[in-house]
Amino acid sequence: MTYCVGLLLDEGMVLLSDTRTNAGLDNIATYRKMFTFENGGERVIVIMTAGSLSVTQTTIAQLTDAIEDPDATHETSILLAPSMLKVAEMVGERLAAVRRSVDEKLAAMDQHASASMIVAGQRRNGEMRMFLIYPEGNFIEATDDTPFLQIGEHKYGKPILDRVVRPSTSLEDGQKAVLLSMDSTLRSNLSVGMPLDLALVRRDECRVGQRRRIEAGDDDFRRMSEAWSEALRDSFARVTL
């Protein structure tokens, strides 16, 4: 399992993913779940993945091959697509096709593969947009009413996002919100684990302005986690029936 979260804010986008993949308690590994694609300040796309590793890795590999193809067109390459909506459609179609192919190979063992993705980005003179791509290839979009999307083990980290995240939330507070959301998930589910990948994209810059790999034992993350726990305990003590 994994946990990925993305915020779509007035100032830009904040994206965070863990890196744990497990196939049982004795088979735990680390794999990157966040992939960035940039084109010289003209376009930026960030994709985060959750679910079957064979499905997500194959999908990302095929999207990358299509970008690098010298004969790439706006119908085949997400870096040439005319809009972020078209990018979401292309990623959805690719994800669904890969999932069906893997499912066919697993059918004899009565097993199934599933995966989902968050696709976020902006092209020059276009709007920032963020989509959640379902295993079937269909998708939903982040809106002003719900300016965040989650995939994977999302239930533990959702309450703080519901309470504090608004489109007007600053990028700094957005970073704090996603990190505390991840902290809650790490504490409650062993299938989500360090290290973490954090990325910030400021509106209209069309590039990843900040990248950070947060390793286990990171002092800043530990201090934030401890401060949040103490704040919750203090607030709980002040609440009366």
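Laboratory data are not the source of any read-out in this text; all were calculated from the coordinates shown. Computed from a prediction, not measured in an experiment: that's the story for all the values here. Here Cβ is always computed from backbone atoms with ideal geometry, including for glycine, and neighbour counts include all displayed protein chains.
Expressed as a fraction of 2.2 N^0.38 Å, the C-alpha radius of gyration for the chain is 1.03.
In this simple spin-label model, placing a label point 7 Å from the Cα along the Cα-to-Cβ direction at both R163 and Q62 gives a separation of 4.2 nm. Subtracting the Cα-Cα distance of A29 and R124 from 0.36 nm times their residue separation leaves 30.5 nm of extension gain. Ordering M194, F139, S83 by the projection of their Cα atoms onto the charge dipole of segment 3-238, which places +1 on the Cβ of Lys and Arg and -1 on the Cβ of Asp and Glu, puts M194 at the extreme positive end.
With a Förster radius of 22 Å, plug the Cβ-Cβ distance of A231 and L190 into 1/(1 + (r/R0)^6) and report the FRET value to the nearest 0.05. Don't skip to the end; give the middle numbers.
Values: r = 24 Å, r/R0 = 1.11.
Calculated transfer efficiency: 0.35.
About the Cα centre of segment 1-155, what is the dipole size in debye to 20, counting +1 per Lys and Arg Cβ and -1 per Asp and Glu Cβ, all else neutral?
Working: 13 positive and 22 negative charges, 49 e Å.
Dipole magnitude for segment 1-155 comes out near 240 debye.
You can think of it this way: the chain between D10 and E141 has 45.6 nm of extra reach, that is 0.36 nm per residue less the Cα-Cα gap.
Charges only on Cβ, +1 for Lys and Arg, -1 for Asp and Glu: so what's the dipole of segment 90-132 about the Cα centre, in debye to the nearest 20?
Values: 7 positive and 5 negative charges, 61 e Å.
So the magnitude is around 300 debye.
Counted by neighbouring Cβ atoms within 10 Å, the residues T73, T36 run from fewest to most as T73, T36.
At an R0 of 35 angstrom, the distance between the Cβ atoms of S54 and K155 translates into a FRET efficiency of 0.90. The helix-based estimate of mean residue ellipticity at 222 nm for the chain, built from -39,500 (n - 2.57) per DSSP H run of four or more residues and divided by its residue count, is -11500 deg cm²/dmol to the nearest 500.
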